[in-house]
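The numbers here are math on the coordinates, done by the rules we state, and not lab data. Owing to the predicted nature of the structure, the values given are computational and were not obtained by experimental measurement. When we count neighbours, we look across all protein chains shown, and the Cβ atoms used for this are built from the backbone with ideal geometry, even at glycine.
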Amino acid sequence: MILRGARHMAIVALQIIPFTNHVYALDLDVDSQESIKNAGSTATYNMMKWYTGNGTDNPGFISRSWWEGAALFLACLNYWHATNDTTYNEEVSVALQHQGGSNGDYLPSGDTWLTLAERVFYNQKSPTGGGWDTTICGGGLRWQKDVWQGGYTMKNSVSNGGFFMLAARLAWYTQDDEYATWAEKVWDWSTSVNLVNNKTWEVADSVSQGTGGPNGCTLPDHTRWTYNYGTFLSGAAYMYAYTNDNKWLDITNNLMDALFATFFLPQYGGVISDRCEPSGQCDEDANRPIFKGLTVSWLADIALIIPSLKEKILPKLQVSAEGAAKACTGNGQNLCGNRWWGGKYDGQNSMENAMSGSQMMSAIMVKFLDSSSKPVSTATGGNSSSDPNAGTEEASKSSQLPPVTTADKAGAGILALLFVAGIIGGVTFLLMGP
């Protein structure tokens, strides 16, 4: 399911200090740590040329689409973790704190990143908060929360896969069975309506209120996107990391095999591609080019938390990174195109393509990372404090969230959820302190 946002954006002026030694050739040797770091630096630099928010009175805001700011900052955090380059950390910190405000959204006063994630989780599970809904299809999250919105009767994979991933990551981080119970619940419901087919391992796009399927649902829309697979795959991997139950390892392997078979196609040299790429229609919706960047970042994460899968994942990432390097050569400035399998820059320069280019280069650094680099949990040194009442009525009495604009609502429930899930996996590298 595509998140609807503005379709056009003027090219913005560069407002960050350029690197004095910046080079304009994205040469990549996937077996060289230094080469990968240089490519990652170039790709992330070009991504950040699109971001001018910290030069305004509203840092962290991206006019194109609110949730894309979350995806951009997550790419920065992944770059930092992969390379130890702190160049963008201050910009990310300023942006997230400003967007959070003093009453709690992204960085609540007196709270921790963990409490933030718990608040989002509570809202997603709460029927009164527009979350888990049993009135149609027997459960699941709606795509959009308000009855007048076009996606209100739809329950899609990225919403529910994101919730599954968040619950699984919270279970793993906090070692609290409540989150694991909810992850199981979301998984069971998703398979019951065939959002995830646990025989073929296809991940469909959505189901809607109607007939033909179970519990007053339609049959699934079989449109396939990389990040739909990625959300469920990441959640399953974290469930295995938490439970050590081979059931979840089997699910992880099956989903990964399906992801590779569906999106890492031999006709494109094994380079990851989304369904809109051959027709050149990915730019019809600004969100589409981000999907594969998120997906490769989750694959790299899985290689760290389940080391036995690293040899399976790394070659896929390396082939795709080599393709991305050839596609990020635009206009003598390493602008990133959309089709990594084309062997050259395809002219589709955008912030979203730059995000995925950055994520791809960060992901292949996993070759040089060991278990000491994997995200921490409370069992392995993480000490971000938990608030079991986060998001509840009691907690909200003392910390009211600021209102969200109408334009934000479609994206807020989905990609903000993915962002917070990513925070648990990515920003737990930050969580060695409160």
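I'd like to know how the range 136-247 sits against the 2.2 N^0.38 Å rule of thumb: what's its Cα Rg over that expected value? Could the numbers behind the result be given before it?
Details: Rg = 13.8 Å, N = 112, 2.2 N^0.38 = 13.2 Å.
Here the answer is 1.04, to two decimals.
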Estimated inter-spin distance, residue 376 and residue 215, nm [label 7 Å along Cα→Cβ]: 3.8 nm
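If the chain between residue 344 and residue 178 were fully stretched, how many nm would it gain, using 0.36 nm times the residue separation less the Cα-Cα distance?
54.9 nm
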FRET efficiency, residue 61 to residue 333 (Cβ-Cβ, R0 35 Å, nearest 0.05): 0.90
Two-site FRET efficiency, residue 126 against residue 54, from Cβ-Cβ distance with R₀ of 56 Å, rounded to 0.05: 0.95
Whichever lysines have a C-alpha closer than 18 Å to that of residue 155, once near sequence neighbours (fewer than 8 apart) are set aside: 125, 145, 185, 409
Virtual spin-label span in nm between residue 199 and residue 89, 7 Å along Cα→Cβ: 5.1 nm
